[in-house]
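To start, the structure under review is shown below, and the notes come after it.
The values are calculated or read from the model by the stated rules, or taken from the named source; none is laboratory data. Since the structure is predicted, the reported quantities are computational estimates derived from the model, not experimental observations. Glycine also receives a Cβ, built like all others from the backbone with ideal geometry; neighbour counts cover every protein chain displayed. Accessible surface is based on the protein model in full, side chains and every heavy atom, while ligands, DNA and RNA are left aside. Shrake-Rupley method; radii C 1.70, N 1.55, O 1.52, S 1.80 Å.
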Amino acid sequence: MHKDFSGEAAFFDRWADENAKRLAPVDPAVLARYARPGRLYPKEYCFRLLGDVRGKSILDVGCGEGEDAVILASLGAQVTGLDVSAGAIDLARRRAALNGVSGRARFVCAPLQAGNLPERSFDVLWIDNLLHHVLDDLEDTLEALLRAARPGALFVCSEPVNLSPALRKIRFLVPVHTEVTPGERPLEKGDLAVLRALVPGLRKRHFTCLGRLTRFVIPDFRYESAPRWRRLLCDGLHAVDRLLLGLPFFEALGGMGVFHGRVS
């Protein structure tokens, strides 16, 4: 039996209603950042893995309000965005129109299994913070995704991870409020084993140990428009993370993981 996504849909519908009031074209600085991505931040790293996306067919799974899809389409990709939130999909379509990429970005409101995606059709499977919402249906979800990919397609996934139970307990002692949907949690070792089984040769990179402090350095997370000193401070924190979390002994301290491989 597949998961009922009504709770997630209602949650993101509310977010979309609020964010629609602030709809604006993508900041050129954002496009410039991801056209020439660095290595320090998870999303930058994901874009770096993609390389030149011009002409590529990309499935953006859990596309939300279309931020990633619009950036990818603006960089020349043909993007299909899939999400369970009707409000988010409506906002994604409006965002694509506002940025002049409606011809390269189409959006489908449906759970993955009901999305009627054509098999063996996509060059890239792009998953940004989606799998931790479907962990009780993880294997079926991934198998449905992989059927939509062409042989040799790139699988790129960025997700919150919990490989240190002690660190997670400490996190809950910190009085920082975060919005969560019903039942979501970070990926754990068993979940990563499912990923490795379905994507042979899966590679990983861990992020966000000291980077957790970003929420205090740039409270609204708008990196590109933040004062230079704040950006430099965040860059420094993430540079230390890159060195620290690249060591197997310390990688469990990371709160985000990027996983990538080729679909067989």
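Structure above, values below:
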| item | result |
| --- | --- |
| Share antiparallel - DSSP beta bridges, the chain, percent rounded to 5 | 35 percent |
| Phi-based couplings in Hz for segment 130-135 (Karplus 6.51, -1.76, 1.60; Gly and Pro marked x) | 10, 4, 6, 8, 10, 5 |
| Length added when fully stretched, Ala110-Leu98, from 0.36 nm per residue minus Cα-Cα | 2.0 nm |
| Extension gain, Glu188 back to Arg147 (0.36 nm per residue minus Cα-Cα distance, nm) | 12.3 nm |
| Computed label-point distance, nm, for sites Arg39 and Asp136 using a 7 Å Cα→Cβ extension | 4.1 nm |
| Förster radius 51 Å - calculated FRET efficiency between Ala29 and Glu119 (Cβ-Cβ, nearest 0.05) | 0.85 |
| Per residue value of the accessible surface for the chain (all protein chains in place, 1.4 Å probe), Å² | 50 Å² |
| Filter on Lys21/Lys189; Lys56/Lys204; Lys43/Lys189 - keep pairs with C-alpha separation over 29 Å | Lys21/Lys189 |
| Spherically averaged projected area of segment 94-162 from its Cα convex hull (nm²) | 5.8 nm² |
| Ellipticity estimate at 222 nm from DSSP helix runs (n ≥ 4, -39,500 (n - 2.57)) divided over the chain, nearest 500 | -11500 deg cm²/dmol |
| Residue-span extension gain [Arg230 to Arg22] - 0.36 nm each, minus C-alpha spacing | 72.6 nm |
| Charge dipole (debye, nearest 20) of the chain; +1 at Cβ of Lys and Arg, -1 at Cβ of Asp and Glu | 1060 debye |
| Kirkwood hydrodynamic radius of the chain, from inverse mean 1/r over distinct Cα pairs, in Å | 19.0 Å |
| Per-residue HN-Hα couplings for segment 206-213 [Karplus 6.51, -1.76, 1.60; θ = phi - 60°; Hz; x = Gly/Pro] | 9, 9, 6, 9, 5, x, 4, 6 |
